[in-house]
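Comments concern the structure below.
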Amino acid sequence: MCRPLAGWNATHDMGLQVAVALLFSLLVTYLAWLLFEMQMRDQQLEIEVSDRTAEILVAQRHLEATMAAIPDALFEMDLEGRHLTCQTPVDEYLARPADVLLGKTAAEVMPPESAAIVMSALQEANVNARSTGKQFKLPLASGEHWFELSISRKAGGANDEPRFVVLSRNITQNKLAEERIRMLAHFDPLTGLPNRSMLSDRCKQALATAHRKQQSLALLFLDLDHFKNINDSLGHLVGDQLLIAFADRLQSEVREQDTVSRLGGDEFVLILPDTDAKGAAHMAEKLLKSSMQALQLAQHELTVSPSIGISMFPVDGADLDDLSRCADAAMCRAKQEGRNGYRFFTPEMQSQSERILAIENGLRKALERQQLSLCYQPQVCLNKRTVSGAEVLLRWTHPELGSVSPAEFISIAESSGLILPIGEWVLRTAAQQWTNWMAAGMAPITLSVNLSSVQFRHADLPEMVSTVLRETGLAPHLLELELTEGVTMDKPDLAVAVMNDLHGRGIRMSIDDFGTGYSSLSYLKKFKISKIKIDQSFVRDITVDPDDKAIVGAIIKMADNLSMSAIAEGVETQAQLDYLREQGCDQVQGYFFSRPLVPDQFIEFIDEHQNPA
């Protein structure tokens, strides 16, 4: 039997030993658990640190990508303008290379004016925490560039030196766009000359100075002669090149204080401060002489002359509107008197301009207010002594202007475009009257209607004439359209095409005022002309002037040889009539038989002269 060495009486010592052993085991277990927990925490911390490090790296790469995507230069600077850091995608837009900038102040690397703007923006950001919108320019290798600043003050301690984040944006393209807009607002886009708006500003300044110093001032209004012919024949590109070259020439002839402006088209205005009438005339003569020198435009060598009108301050007006209106009137007079010259404004020109304006305004309402009427002048066949036709003549009676001569208002109607509706009204009214008279028993005779150059060039002319004939019921062969010699020879090829079209519709044509212009016989034989009208300026003196007698005889013979008939207008005496009959003239028209008659008088004349005398 086994027992403890000390006997069973020592069991209490063994219990103590067990307890100590148990406590020690527990302590070892706790320490092992604690060690395990610490290891687990270390592993978790490592994971968290790794994750956080990865997040920081991602954020850093994102920030770097964002910074790289910013097209602007980004700096950190202190209050002295010193560059502490630099981030930019394009080094060429920096005042100095990035490595040179660091540690340098704005004053050390930038022009004084630009550096002052940067320092002002930093001071503003220091006070207000931010500054935006200040702009400066830098002369760089690629040219002058503009930049705009946006600055924020960085947060820091009370005793920390202030630091600033500075963003510098390149706004050069915006500046160029602003300059283009300014140019378009104040300068002519083709020639670069001041436009009407800029002219108004400069003229106001010049007039204020002239008024204050009691000086005179001249305004010259220039319009190029026959510029439309260049556009029509050579094209608008050559026309634009001509305007640019002419504008350069004008600028080369004037003084620095003078203003040369293009109003549009081929119109130019010159403002000459401190210039009297003698000085204005000298400048006009200088410009006319200069214009005689040919302009070389690519393969074209062109010479273009201006017509110049001159008005003077303070005699002719006190502002731009008055001076321009007077100079324009003088320019028109220069054109009327042969072009390639200059004229000073006179009060008589103003009266004429006012009347022209009154006539144009009156014409715009003349049809609507039924102020227009027609007269008919009989045309007599010399062989049969019967009425062979009549020329329709337009008359206008205005309630205030009175009876206005066609010689005065027709040209105004042409220049304003009013001749188109008026001409159609004349044709329609006369054709309807003709149809009504024939329905009432008048024998079919020819109705002659004058066509202006504006009407003849209109693309819808043949169709318009056919429409009128169809709607009024007048037979085409009874209508004769009279064209002046100048109209047919202006663009003879086009004239041939239009005449062929009208001829194909059964309409007859004649040339009015023959001999007063320049006709090419080679074209004359191509024209579908049935009659030539001898101008009254030749008929008037055929009994006393051998030259007129010879011209009239030659025209009659030429018409006969070309199988055309000849009609003489302005016949007033028996002697004239006898000579025309002797030469074989077919028809005559003039006061010897009848003056132009209103409709009632004309039909009475027809009734009396319808049968052979």
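Per residue, the accessible area of the range 236-286 comes to 45 Å², computed with a 1.4 Å probe over protein heavy atoms only. Rg ratio for the range 64-222: its Cα radius of gyration over 2.2 N^0.38 Å, N being its residue count, equals 1.47.
Between residue 80 and residue 174, the C-beta separation translates, for a Förster distance of 25 Å, into a calculated FRET efficiency of about 0.25. The alpha carbon centroids of the range 308-376 and the range 235-250 are separated by 27 Å. When the surface is traced with a 1.4 Å probe over the full set of protein chains, residue 528 keeps roughly 90 Å² accessible. Averaging the inverse of every distinct alpha carbon separation and then flipping it gives the Kirkwood radius. What is it for the range 120-169, in angstrom units? 11.9 Å is the Kirkwood radius here.
Taking the protein heavy atoms of the chain in the context of the full set of protein chains, the accessible area attributed to carbon and sulfur is 54 percent at 1.4 Å.
In the complete set of protein chains, residue-level accessible area for residue 227 is approximately 20 Å², probe 1.4 angstrom. Across the range 241-249, coupling constants 3J(HN,Hα) worked out from phi with the 6.51/-1.76/1.60 Karplus curve, θ = phi - 60°, read 4, 5, 4, 4, 5, 5, 4, 4, 5 Hz, and Gly and Pro carry x. Take 591-604, 288-301 and order them by the average number of nearby Cβ atoms within 10 Å per residue, most first; the result is 591-604, 288-301. Distances between placed amide hydrogens fall under 5 Å for residue 446 paired with 389, 390, all partners being 5 or more residues away or on another chain.
Its Cα centre serving as origin, the chain has a Cβ charge dipole (Lys and Arg +1, Asp and Glu -1) of approximately 280 debye. Eigenvalues of the alpha-carbon gyration tensor of the chain, scaled by 5 and square-rooted, set the equivalent ellipsoid semi-axes at 99, 36, 22 angstrom, largest first. Approximating the spin labels as points 7 Å out from Cα along Cα→Cβ, the residue 477-to-residue 38 distance works out to 13.4 nm.
Scalar couplings 3J(HN,Hα) for the range 602-607, obtained by applying the Karplus form with A = 6.51, B = -1.76, C = 1.60 to θ = phi - 60°, are 5, 5, 5, 4, 4, 4 Hz; x denotes Gly and Pro. Given a Förster distance of 25 Å, report the FRET efficiency between residue 196 and residue 253 from their Cβ-Cβ distance, rounded to the nearest 0.05. So the FRET efficiency works out to roughly 0.70. Put simply, the amide H of residue 171, placed in the peptide plane, has neighbours under 5 Å in 146, 147, 148, leaving out anything fewer than 5 places away on its chain. Between the range 166-220 and the range 98-132, what's the alpha-carbon centroid distance in Å? For the range 166-220 versus the range 98-132, the Cα centre distance is 33 Å. Working note: 222 nm ellipticity from helices only, DSSP H runs with n ≥ 4, each -39,500 (n - 2.57), summed and divided by the residues of the chain, gives -16000 deg cm²/dmol to the nearest 500. Beta bridges assigned by DSSP with both partners in the chain are antiparallel in approximately 70 percent of cases. For the range 214-320, the C-alpha radius of gyration sits at 1.12 times the compact-globule guess of 2.2 N^0.38 Å, with N the residue count. Computed with a 1.4 Å probe over protein heavy atoms only, the accessible surface of the range 538-604 comes to 50 Å² per residue.
The 3J(HN,Hα) values that the Karplus relation (6.51, -1.76, 1.60; θ = phi - 60°) gives for the range 231-240 are, in residue order, 4, 5, 8, 10, x, 6, 4, 5, x, 5 Hz. Gly and Pro appear as x. Less than 5 angstrom separates the built amide H of residue 398 from those of 403, 404, all sequence-distant by 5 or more or on a different chain.
The values are calculated or read from the model by the stated rules, or taken from the named source; none is laboratory data. Quantities reported herein were computed from a predicted structural model and do not represent experimental measurements. Positions of Cβ are generated from backbone atoms using ideal geometry, with glycine treated the same way; all protein chains shown enter the neighbour counts. These area figures cover heavy atoms from the full protein model, side chains too; ligands, DNA and RNA do not enter into them. Shrake-Rupley method; radii C 1.70, N 1.55, O 1.52, S 1.80 Å.
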